[in-house]
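K.L.:
Please find one structure pasted underneath; my questions will follow.
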Amino acid sequence: MTDQKKSGLDIDLGNLCSKDAFGWAKKTFPNRENKAGAAALKVDGVFSNMLSFGNQRIGIASDGIGTKIELAERTGIYHTLGFDLVAMVADDLATAGFEPTNISNIIDVNRLDRDAINSLMKGLSEACNYCGMSISGGEIAELGNRIGGYGEGMHFNWCSTAIGILPEELDTPFDGTAVKAGDVVISLRGHGFRSNGFSLIRRIMQSSFGDNWHNEPYDNDQTWGEILLTPSLIFTPLITKMIKTGTELSGIAHITGGGIIDNFQRVLKANGLGADLNNLFEPLEVMKRLMKLGEVTDEDAYLYWNMGNGMLLVADESQVEQLLKTAASLNYDAQVAGVITTGRNVKLKTSNTELQGAY
């Protein structure tokens, strides 16, 4: 069993809390039966949900960027975080096939810093322009010492909710029910840690370099603080183009907190399937260096981080060539990563390790 304490988080406990919260949410669904806005949930644990308003099919997803915020407080670099915030919700919508259209955000601060907030919102605007979204609502709340953080500057937390529409090309959202044994798994390569696994990262950095670890040189051009702030690559434009141009996808997994095996199971459990992932992208160099610094096992690394694999797509073999061609046309790195199998077990094989997770 992996050492959950190493990151300061307990993934299993988090999953149980999410299950409890979702159980209470389901008790409210009957309130909207036969009314506009009825929740059309098909599979527990999907990345986003659908609301029906007459003929309009609306997706909704909520998330935040967690403790990656501390990197901005340490470095004074705020404008990249908008890409992280958009990636968390837009890419969750894209996993179900929704085209994200609008985002509303909440910035909770201990005290106001106009320049910092302006920089945050500039980045959010740029990220939304990247994937065709509008910022249609928001709130800035000054909460004093209820919001903690690093250093003497503004401390903050940043969360959002995004909505999107199901394109006319899709009859229903992707929910895993179309996935079948023999389908091909395609991995999309990410740029960094996205907004997950930073509790473990910060522990490693503190232990290795002390309180001012963000100023330690990573290479000749960047500090550790700067490299760890690498903004999330947003995959939504690629998914939207695939759908619009007729590529038929069976399922999509956004690889965030909980790693590859945990997140990919969400796509597979509708039909009780598994996967053999034997050609994933190799971990990014920064991930390898952190593993060495913190003596992190492969098992823990693939639990807390996506290891360079930001999204997994599932499609029939006949769709793979077009899928890879579309990805290349938009400058996304994609490669065949494995195949869907029978049995409720995800096997993960890299050059250094073999892991598996039954569910």
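The values are calculated or read from the model by the stated rules, or taken from the named source; none is laboratory data. The model shown is predicted, which means the values in this text are computed figures rather than measured ones. So basically every Cβ, Gly included, is an ideal-geometry build from the backbone, and we count neighbours across all protein chains shown.
K.L.:
If only one of Phe98, Phe156, Phe83 is buried (at least 24 other Cβ atoms within 10 Å of the Cβ), out of contact with any helix residue (DSSP H, G or I) (no Cβ under 8 Å at 6 or more places or on another chain) and either outside the structural domain of Ile239 (by TED's automatic domain parsing) or without any contact (Cβ under 8 Å) to a residue 40 or more places away in the chain (or both), which one is it? Explain how you work it out, then say what you get.
P.N.:
Numbers: Phe156 fails: out of contact with any helix residue (DSSP H, G or I) (no Cβ under 8 Å at 6 or more places or on another chain); Phe83 fails: out of contact with any helix residue (DSSP H, G or I) (no Cβ under 8 Å at 6 or more places or on another chain).
None of the others qualify; the one that does is Phe98.
K.L.:
Of all residues in segment 109-159, count the ones that are under 21 Å from Ser195 (Cα atoms) and touching a Cys at 6+ places or on another chain (Cβ under 8 Å).
P.N.:
1
K.L.:
From the set of residues in segment 147-178 that are among the β-branched types (Val, Ile, Thr) and more than 19 Å from Arg74 (Cα to Cα), which is nearest to the chain's Cα centre (by Cα)? Steps first, please.
P.N.:
Filtering segment 147-178 for residues among the β-branched types (Val, Ile, Thr) gives 147, 161, 163, 165, 172, 177.
Those left that are additionally more than 19 Å from Arg74 (Cα to Cα): 161, 163, 165, 172, 177.
Numbers: Thr161: 14, Ile163: 16, Ile165: 19, Thr172: 22, Thr177: 21 Å.
Looking at the filtered set, the residue picked out is Thr161.
K.L.:
Ok, one more. Say we look at segment 91-104 and pick out the residues that are aliphatic (A, V, I, L, M) and in a helix (DSSP H, G or I); which of these is nearest to Gly164 (Cα to Cα)?
P.N.:
Our first condition is that a residue be aliphatic (A, V, I, L, M); within segment 91-104, this holds for 93-94, 96, 103.
Right, trim to in a helix (DSSP H, G or I) and you get 93-94.
Numbers: Leu93: 7, Ala94: 9 Å.
For segment 91-104, the residue satisfying everything is Leu93.
K.L.:
Scanning for something touching a helix residue (DSSP H, G or I) at 6+ places or on another chain (Cβ under 6 Å), surrounded by 14 or more Cβ atoms within 10 Å (Cβ to Cβ) and modelled with pLDDT under 95, does segment 167-176 turn up at least one residue?
P.N.:
yes
K.L.:
For Val296, state whether it is over 20 Å from the mean Cα position of the chain (by Cα), in the same structural domain as Val346 (by TED's automatic domain parsing) and not in a helix (DSSP H, G or I). Walk me through it before giving the result.
P.N.:
On the way: over 20 Å from the mean Cα position of the chain (by Cα): yes; in the same structural domain as Val346 (by TED's automatic domain parsing): yes; not in a helix (DSSP H, G or I): yes.
Yes.
K.L.:
Is it the case that Val320 is touching a strand residue (DSSP E or B) at 6+ places or on another chain (Cβ under 7 Å), under 18 Å from Ala178 (Cα atoms), part of a helix (DSSP H, G or I) and modelled with pLDDT of 95 or more?
P.N.:
Details: touching a strand residue (DSSP E or B) at 6+ places or on another chain (Cβ under 7 Å): yes; under 18 Å from Ala178 (Cα atoms): yes; part of a helix (DSSP H, G or I): yes; modelled with pLDDT of 95 or more: yes.
Judged against the criteria, Val320 is a match.
K.L.:
Looking at Ile165, Ile147, Ile135, which is the one that is touching a residue at least 60 places away in the same chain (Cβ under 8 Å) and more than 20 Å from Gly190 (Cα to Cα)?
P.N.:
Details: Ile147 fails: touching a residue at least 60 places away in the same chain (Cβ under 8 Å); Ile135 fails: touching a residue at least 60 places away in the same chain (Cβ under 8 Å).
Step by step, each of Ile165, Ile147, Ile135 is checked, and only Ile165 is touching a residue at least 60 places away in the same chain (Cβ under 8 Å) and more than 20 Å from Gly190 (Cα to Cα).
K.L.:
Of all residues in segment 123-150 being in a helix (DSSP H, G or I) and of a type outside the set (Gly, Ala, Ser), which is farthest from Asp113 (Cα to Cα)? Spell out how you get there, then give the answer.
P.N.:
Initial filter on segment 123-150 (in a helix (DSSP H, G or I)): 123-130, 144-146.
Cutting the leftovers down to of a type outside the set (Gly, Ala, Ser) gives us 124, 126, 128-130, 145-146.
Details: Leu124: 17, Glu126: 20, Cys128: 23, Asn129: 24, Tyr130: 26, Asn145: 15, Arg146: 16 Å.
For segment 123-150, the residue satisfying everything is Tyr130.
For every residue, the table says whether it meets (1) without any contact (Cβ under 8 Å) to a residue 12 or more places away in the chain; (2) closer than 22 Å to Leu228 by Cβ.
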position	(1), (2)
Met88	no, yes
Ala94	no, no
Asn102	no, no
Asp108	no, no
Asp113	no, yes
Asn118	yes, no
Glu126	no, yes
Asn129	yes, no
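K.L.:
Moving on. Which pairs turn up if I take residues in segment 262-275 that are over 12 Å from Val185 (Cα atoms) and look for partners that are modelled with pLDDT of 95 or more and of a type in the set (Gly, Ala, Ser) with beta carbon separation below 7 Å, at least 6 apart in sequence or on another chain?
P.N.:
Short answer, once both residue conditions are applied: Asn263/Ala253; Arg266/Ala253; Leu273/Ala181.
K.L.:
Of the residues that make up segment 94-103, is at least one among the hydroxyl-bearing types (Ser, Thr, Tyr) and in contact with a Gly (Cβ under 7 Å, 6 or more places away or on another chain)? Show your work before the answer.
P.N.:
Residues of segment 94-103 among the hydroxyl-bearing types (Ser, Thr, Tyr): 95, 101.
Next, from what is left, pick out any that are in contact with a Gly (Cβ under 7 Å, 6 or more places away or on another chain): 101.
Checked against the condition, which is being among the hydroxyl-bearing types (Ser, Thr, Tyr) and in contact with a Gly (Cβ under 7 Å, 6 or more places away or on another chain), segment 94-103 yields at least one hit.
K.L.:
Being at pLDDT 95 or above, among the hydrophobic types (A, V, I, L, M, F, W, C) and part of a loop (DSSP other than H, G, I, E, B) is true for just one of Met154, Met88. Which residue is that? Spell out the reasoning first.
P.N.:
Values: Met88 fails: part of a loop (DSSP other than H, G, I, E, B).
That would be Met154, the only listed residue that is at pLDDT 95 or above, among the hydrophobic types (A, V, I, L, M, F, W, C) and part of a loop (DSSP other than H, G, I, E, B).
K.L.:
Still on this structure, I have one more. Within segment 259-279, does at least one residue satisfy the condition of being touching a Lys or Arg at 6+ places or on another chain (Cβ under 7 Å), assigned to a loop (DSSP other than H, G, I, E, B), closer than 15 Å to Gly192 by Cα and not assigned by TED's automatic domain parsing to the domain that holds Thr101?
P.N.:
No, there is no match, as no residue in segment 259-279 is touching a Lys or Arg at 6+ places or on another chain (Cβ under 7 Å), assigned to a loop (DSSP other than H, G, I, E, B), closer than 15 Å to Gly192 by Cα and not assigned by TED's automatic domain parsing to the domain that holds Thr101.
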